[in-house]
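J.: Shown below is the structure under consideration.
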Amino acid sequence: MADTDEAFFNGRPSEFNCYAYATGDRCRPSQVGGLRPGESAAKPISKFTPFDLKNALIADGAVFAGEGPDIPPEREGMRLIGAAISPKDESHEGDFHFYRLDSGVWTHRPGKGLVSGVDAEGAPISNPALAKRDYRQVLINEFHWPYNYKYFVGYFYFPIKKLKCPERSVDNQNFPDHRASQPKEAVR
């Protein structure tokens with residue numbers, strides 16, 4: 001797990017969601033509900049179906065790597081993420097959840113909780129497609145999370161890149177070393 005990422009996201013539990021953590025997007029703190037798949041491409045997901053989630057991720061620049069359960073190999077310059085969805089039902093509108101692989105270790109950020117390497121039953125995550133993803137009976141920061149991410153949508157490669165965050169972003173305020181790596185004309 002990337003220690004600086006873990007510290008960054010754990011230090012901002014209400015600002016960044018599982019998608020921001022999985023993709024490493026430090027630029028856009030949450031509005032309502034957090035960063036949404038497809039938002040980077042101005043095509044945010046509107047329906048919580050596997051088809052719509054897959055298309056939103058691809059619009060954001062992800063490359064589909066397979067439905068699982070076999071884990072695709074890691075690729076240089078790419079982050080491997082796993083995506084799951086909790087469909088709309090009588091108690092909620094639906095939700096998505098993401099996992100990421102760093103140096104052979106799967107982690108995720110459940111709800112507004114801390115970065116974790118365990119699933120909904122407390123077992124280490126060795127494969128997100130096979131992990132327990134029913135959080136309906138789990139307390140996260142003293143909050144009952146109403147989601148069962150019963151559909152594993154698949155694995156995706158997401159480009160690892162230094163994001164050029166807007167001047168007002170959280171990342172630039174708290175991680176000046178990141179800002180210093182930008183082209184001089186972008187630094188004020």
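What follows is calculated from the coordinates using simple rules that are stated; it is not laboratory data. Nothing here was measured: the structure is a model prediction, and the numbers come from that model. Note: ideal-geometry Cβ built from the backbone for every residue, glycine included; neighbour counts use all protein chains shown.
J.: Quick one: grab the alpha carbon gyration tensor of the range 83-155, order the square roots of its eigenvalues as a ≥ b ≥ c, and give me rounded if a/c is under 1.5, else prolate or oblate depending on whether a/b is larger than b/c.
T.: In terms of gyration-tensor shape, oblate.
J.: Given R₀ = 22 Å, FRET efficiency for Lys88-Asp5 by Cβ-Cβ distance, to 0.05?
T.: Once the sixth-power term is evaluated, E becomes 0.10.
J.: Which entries of Lys54/Lys112; Lys43/Lys150; Lys43/Lys161; Lys47/Lys88; Lys54/Lys132 show an alpha-carbon separation above 18 angstrom in the structure shown?
T.: Pairs exceeding 18 Å: Lys54/Lys112; Lys43/Lys150; Lys43/Lys161; Lys54/Lys132.
J.: Order of Ser46, Ser103 from fewest to most other C-beta atoms within 10 Å?
T.: Ser103, Ser46
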